[in-house]
Amino acid sequence: MNLRLLPAIFLLAWAGTPAALAQQPSALELLQSADRARGGVGQGITWNVTVEATEDGETTTRTFLVKARGDDALVEARAPPRYKGEVMLFNDRTIWFVKPGLRKPVSISARQRLSGLAANGDIASTNYARDYDGTIVGEEVVEGEPAWKLELKARAKDVTYDRIRSWISKKRRLGVKAEFLTVSGEVFKTATFDYGNRLRSASGGPFYFVSRMPTRAAGGSGAVPVLTYAQPRAETPPPSLFNINNVVR
């Protein structure tokens, strides 16, 4: 045997050992970390989100106030005036829609379009760790940084997307890019993420929070929605805020 090859052989053998594999985070750990930066935390976060969609040369803008805690979120329309007062209440995967003059809440889908390619489920907190089975399928450099590549498959039919391809930064543990797929595996839109906001957790430690999410349709055609997140703050809304009976009143 060529003794010069022994170090290389040893390294290859070690790379497949449990000790080496243990250095790779699980898909669940990556998703939980990425979710945190998009409102998926138990302590509660409040923020404003603006959805700007441009289609056929015309731009529309809508602004919402979001209060999230755990699996619940209350989304209140703030602008333009014709939508002011409309509310979407997210109770786990159930979404209720309420607006002034509507006597009873209406159940709606997370997949319904809100503005352009932006769906109802896009503006509330993200909980991919709960809603999807994730698998790490590779590593790639995305947006200039090394990232884990994950394939996500929905655990239920009432989530926003059937399948997602997600890239999570190795260093920051934040989602840097996502492709949203149909059941057959075709990409219909792509999003990237910026994290210009910072928050402090209940324990006092700082963490990043999403500030901007530009989205493009597959092939570069159609509506181009951009979600901008502003004034995030750590708050703990009372459970009563997410009770549909209180919202209707």
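Every number here is computed from the coordinates shown, using simple stated rules; none is lab data. Everything numeric here is computed off the predicted structure, so don't read it as measured data. Virtual Cβ from ideal backbone geometry, glycine too; neighbours counted across all protein chains shown.
Things to note:
- Segment 119-222, relative contact order [Cα under 8 Å, separation at least 6], %: 16 percent
- Helix 6-15 and the long axis of the chain differ in direction by around 30°, with both axes built from C-alpha atoms.
- Relative contact order [Cα under 8 Å, 6+ residues apart], the chain, whole percent: 20 percent
- Sequence ranges 27-39, 72-84, 155-167, ranked by mean other-Cβ count within 10 angstrom, highest first: 27-39, 155-167, 72-84
- Rounded to the nearest 20 debye, the dipole magnitude of segment 75-115 is 160 debye, with +1 charges on Lys and Arg beta carbons, -1 on Asp and Glu beta carbons, and the Cα centre as origin.
- Note on the chain: dipole from Cβ charges, positive end direction compared against Gly42, Leu181, Ser26; the farthest Cα belongs to Gly42.
- Computed magnitude of the charge dipole of segment 115-222 (debye, nearest 20; Cβ of K, R +1, Cβ of D, E -1): 340 debye
- The phi-based Karplus calculation (6.51 cos²θ - 1.76 cosθ + 1.60; θ = phi - 60°) puts the 3J(HN,Hα) values of segment 230-242 at 9, 6, x, 8, 6, 9, 10, x, x, x, 4, 5, 9 Hz, whole numbers, x for Gly and Pro.
- Shape metrics for segment 100-249, restricted to C-alpha atoms - Rg then Dmax, Å: 17.1, 51
- Farthest toward the positive end of the dipole of segment 94-249, out of Ala129, Gln112, Trp96, is the Cα of Trp96, where the dipole comes from beta carbon charges about the Cα centre.
- With the convex hull drawn around the C-alpha atoms of segment 163-249, the volume per residue stands at 173 Å³.
- Taken along the Cα-to-beta-carbon direction at a fixed 7 Å, the label points for Val106 and Asp194 span 3.5 nm.
- Total charge dipole magnitude, the chain, about the Cα centre, Cβ charges on Lys, Arg, Asp, Glu only, Debye to nearest 20: 560 debye
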